[in-house]
Amino acid sequence: MGEKADVWQGTLALMVLKTLETLGPLHGYGIARRIEQTSGDLLSVNYGTLYPALLKLEQEGYITSEWGVSANNRKAKFYRLTRAGRKQLGREARAWDQTTAILARFLSPGEGRS
Amino acid sequence: MGSNHRDPRAVPVTGGRAVVRRLRAAARRLRGLLRRRSLDRELAEELESHLQLHVDDNIRGGMTPEDARRHAVLALGGIEQTKERYRDRRGFRLFDQLAQDLGYAGRLLRRNAGFTAIAILTLALGIGANTAIFSLLDQVLLRTLPVEAPDQLVYLYSDGPWQGSTSSDEPGGSSFSYPLFRELQKSQTPFVGLAGARDRLASLAFENHASHGRTRFVSGNYFDLLGVHPAIGRLLTEDDDRTPGAHSVAVLSYAYWSSRFAEDVSVLNQTILVNNVPMAIVGVAQKGFKSERVGDPPEVYVPISMREALTPDWEGLADRKHIWLTMFGRLKPGMTRERAEREINVPYRMQVEQDIQLLDHPSDDFLERFRARRITLEPGQYGRGTLDDQWGAPLFLLMGLTLLVLLIACANMANLQLARGTARAREVAVRTAMGASRMQLVRQFLTESCLLAVAGGALGIIVAYWTQHAILVSLPPGMGIQDLASAGLDGRVLFFCLGLSLLTGILFGLVPALQASNTDLTSSLKDQAGQVSSTGRANSFRKTVVMAQVAVSLLLLISAGLFVNTLVNVARIDPGIRADHLMTFSIGPKLNGYTDQRVAQLHEQLTDQLAQIPGVTLVSSARTGTISGNTTGTSFNVEGYTPPSGDTADSLYNYVGAGYFRTMGTPLVAGREFTRADHASAPPVAVVNEEFVRQFVPNQNPLGRHIEIDIEGAGANDDCRHCDECQVRAHA
């Protein structure tokens, strides 16, 4: 696990929202696994920080939760994206695109100042 | 950095939305705080389900169940740590910490029951005394009238010389004549309305049971102008105050309605006898409302136009030379007091000119001073009255002294805490070693102090209740403050108590907390006995505290000594009467329709019957009770005495019955005192005191000299008028 990068502060929420948008209602463990898989197992989610992050998103009204039963018949709490969450995801994604684009321009050689 | 500096993340966040989101999150956190237990259980279940899912995965990946579980727990980063992090996010950390600190402080204080009890008791006395005094201060000086927009009210005063009868229900307060009030009401411009009122003592009789009471004569717009609402029925209106003598309606005060009629709604439209005149009860004023005056709450409100009908022997309603009415107004919106004062004096000047026509041979000097009369406006939100002047200084002084007492209690507590801090150095060292920050330690110590102080404050409320009661009971009756401050402790005062407690806690806890948390870690841990030599700074602080304590105590002791000294001096003053074995009471037969003749008969009968009671040695009567706080004065001419020009000879006077001086224990220096033979048709006689002789008939024998007294309109408490003008006799 040592070589894997930790999820950066602040991006976990965006990943959670995107995961829920893609896969629909999902439990915490499922969200974590999905993030790890999507990153090609390059990222490791600290499960301990995932739940506070989920709680924060729920408090802000972007997701809701409900108890249900998992695919292999375990009781689990399922998280679902709300409409506010969908909008927030759009905003955050755009902001992120902008940030990466700026950074990319900074880092690519020869494009610094024109 | 340029002025175009931007957020490096370049993410525009709309302010409004962010606020809404934060508010929503805060609301949910608050809920999280309240539903802590059920949310804790839910979190445990969720984490457990997470582990199960992970374990299932691990087993599918080929691990043994034990390994699978171990890996899952490790990946989660420890269940308890995760829970802690989660809880921090869920509620407000501050509250959780506070609860923790409080729990710990509570345990610690319980364990040191002796210390805790003494500390709480000390603080209870200090905080309780302060709360009691503050409650009085608040009710006497800081409370505004319970009426609509009290800051718009202003009271009208007009000082200056006067010819005719003048009286007021406010010592030293000025009043106006009824005709002038009506004229001014019509011609005034700066006020929404101008109302008049006046208190009179009255006899109130309901269902054959009469009692003394206070009646407030009010103009028809009185309640409307104050914005007072009826508790039941209706209040007086302009229509109840048009024709003198024609409006037999009365409104009860809420306090009287609840004490005399037990809040019985059926009193409406019943008849109450006010000074023997039947009046229909039309309503009850709103709860808590007394009048625009401070102190002496009235029982009954009646229209001002009924003043003559309800006052035996008084015909001053239409008389411009009778000034007896007080006035107040409500400023129009946007009107300042200064401008209103200028504007109201325009019509008032015309009224003064009219009054001048009625003056009887005024001297030029008198005329000039009379013409200079003008109305001044006083702010009205705290109510009209002299309680402020009378009680303001003593109450502030008392408040200051009790604050000093609390300061001493604080110093005591600080010293105790310091001593305990030294003893707890080892505990502090252990906690520091386990990772507690200095901030956390200070917080813990402060929580303890504040918990102690609040517990002291809670007990202090009981102390305050007693103290207040004791103060009010120990004051002589009739000082006005009892009626006013009887309300006890309300929310405002309890809030003050809580605030004072917390402040006290911080005051006596902060320095010991800083001191205690500042221990040298290694030396206190090494020291097996758990003893730490206190540092130099701690010592000097303790010395300072003790010194301050002694200084403040000395200050209190000196002022207490001065008080006692004054008290002893006052007790040594010879009042000129013997107060032992003396009983007094008062009656008001005239208010119940007795004629002068019958009053005289009643006095004789009463005196005779009382004298027959075994144990009664002497009985007499007087119109104004001795040391009752009431006085009546008049001007007079003394035979052979010419007053300096522009001045008149005047003195207080009293009507007294046969044997009055013997009964009061006042020895006569010369002459005789009144007997039954000095009745209304006998030659008039008077008794004067030595001061009178010194001033008006110095170095001569006063016996047999004549004085002329003008007793016309000299007051209206006509209880005993069977000894009219009298001849000169002297006594000490």
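The values are calculated or read from the model by the stated rules, or taken from the named source; none is laboratory data. In this text, all values refer to a predicted model and were calculated from it rather than measured experimentally. Don't worry about glycine lacking a Cβ; one is built from the backbone with ideal geometry, like all the others, and counts go over all protein chains shown. Heads up: the accessible areas ignore ligands, DNA and RNA and are worked out on the full protein's heavy atoms, side chains in. Shrake-Rupley method; radii C 1.70, N 1.55, O 1.52, S 1.80 Å.
The figures follow:
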quantity: Sorted peptide list for B:600-611, B:179-190, criterion being average Cβ within 10 angstrom, highest first; calculated: B:179-190, B:600-611
quantity: Cross-link pairs beyond the 27 Å C-alpha cut-off, checked among A:LYS18/A:LYS75; B:LYS186/B:LYS590; B:LYS290/B:LYS321; B:LYS287/B:LYS590; B:LYS186/B:LYS321; calculated: B:LYS186/B:LYS590; B:LYS290/B:LYS321; B:LYS287/B:LYS590
quantity: Interchain or long-range residues, amide H under 5 Å from A:PHE78's placed H; calculated: A:GLU66, A:TRP67, A:GLY68
quantity: Carbon and sulfur %, accessible surface of segment B:36-91 computed with the full protein complex present, 1.4 Å; calculated: 51
quantity: In nm, spacing of pseudo-spin labels at B:MET547 and B:ALA560 (7 Å Cα→C-beta vector); calculated: 2.4
quantity: Selection of GluC sites (Glu not before Pro), segment A:22-114, meeting DSSP coil and at most 12 other Cβ within 10 Å; calculated: A:GLU111
quantity: Computed FRET value (nearest 0.05) for B:LEU606 with B:ARG672, which takes r as the C-beta separation and R₀ as 30 Å; calculated: 0.80
quantity: Chymotrypsin sites (Phe, Trp or Tyr not before Pro) within segment B:223-292: DSSP coil, no more than 12 neighbouring Cβ in 10 Å; calculated: none
quantity: Karplus (6.51, -1.76, 1.60) ³J(HN,Hα), θ = phi - 60°, over segment B:574-582, in Hz, Gly and Pro reported as x; calculated: 7, x, x, 9, 9, 8, 6, 6, 10
quantity: Segment A:5-107: equivalent-ellipsoid semi-axes (sqrt of 5 x gyration tensor eigenvalues, Cα, Å); calculated: 25, 16, 11
quantity: Cβ crowding within 10 Å averaged over residues, with B:615-621, B:656-662, B:129-135 ranked highest first; calculated: B:129-135, B:656-662, B:615-621
quantity: Partner chain coverage, peptide B:214-225 - average Cβ within 10 angstrom; calculated: 0
quantity: For chain A, built as a Gaussian network whose Cα springs stay under 10 Å, the top-fluctuating residue of A:GLY90, A:GLY40, A:GLY68; calculated: A:GLY40
quantity: Solvent exposure of segment B:186-317 as accessible area per residue, Å², 1.4 Å probe; calculated: 38
quantity: Ordering of B:298-307, B:572-581, A:21-30 by burial proxy (mean other Cβ atoms within 10 Å per residue, highest first); calculated: B:298-307, A:21-30, B:572-581
quantity: Average other protein chain Cβ within 10 Å of Cβ, residues A:37-49; calculated: 3
quantity: Exercise: per-residue mean of other protein chain Cβ atoms within 10 Å, A:53-62; calculated: 5
quantity: Two-decimal Rg to Rh for segment B:150-379 - Kirkwood Rh, Cα set; calculated: 0.99
quantity: Protein accessible surface hidden between B and A, which excludes ligands and nucleic acids, total in Å², probe 1.4 Å; calculated: 2800
